[in-house]
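None of the figures in this text is laboratory data; all of them are computed from the coordinates on show. Just so we're clear, the structure is a prediction, and the values are computed from it rather than from any experiment. Positions of Cβ are generated from backbone atoms using ideal geometry, with glycine treated the same way; all protein chains shown enter the neighbour counts.
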């Protein structure tokens, strides 16, 4: 391995989704094997952001000592590791401290905007972007002031109805849903996971053109059919590699290239190929790789070993 940093993800879940096309049951595959998961080395991005300042969270606020909160909307555990948080079904970021859960923006208001904060206040996102919880984008206001802001920025209409479109690994639009809740009811995918997929990819929520669209539960999610179709037309190679799996010799010579795990398991009669790609197991006496990037990483390690 060269040590070159190739891509940065907002969370382990998004990294796992990018690797396997399934954001569930796979985050531990990375966190438990940081040295070689999916054929790559992984590092937590614990470096401070430009202009970031950390402030202790009072123990009485979250029931635990020595946690820090930053002006950039991030949280740090006592061991120095950044806490990723998760998204609720409304799209707000949530931090969990044992049995206590709190929204990121309200915690920041309570800790970093103490001069503005009061018990019945609403912590408002000034730019209307619920994922932007940097302290400069937050203000503590009354309920009526928050409603006025939401009306003026068009947010109330958005909150009433958040349509979502589901696309499968073949690049086909499968379903239209009127809301995240209805999508969750039919598919079982958590609203927060859907939200993460909807807001991933180039041009979304300030992301760069190099960011990759993240699937969730084997599907990619979009706000509209028009957005989904535009992505499908512009990124045909994305779907070719969605569930791709390579069967190789123990030395990494490719023997077969399958479009998805199911095809590989049906053709070979071997089970557990998906996990073999992750853990480096050799069921059937073969090596299995998620994609050509993982295979090349294996070859590079073998060459330098």
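Data table
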| quantity | calculated |
| --- | --- |
| Added length on full extension, which subtracts the Cα-Cα distance from 0.36 nm per residue, residue 186 to residue 116 | 21.0 nm |
| Theoretical gain in end-to-end length, residue 136 to residue 267 [0.36 nm per residue, Cα-Cα removed] | 41.6 nm |
| Burial order of peptide ranges 186-193, 230-237 (average beta-carbon count within 10 Å, highest first) | 186-193, 230-237 |
| Full-extension gain in nm, residue 292 to residue 42, via 0.36 nm per residue minus C-alpha separation | 88.2 nm |
| Mean Cβ neighbour count within 10 Å, used as a protection proxy, ranking 265-276, 85-96 highest first | 85-96, 265-276 |
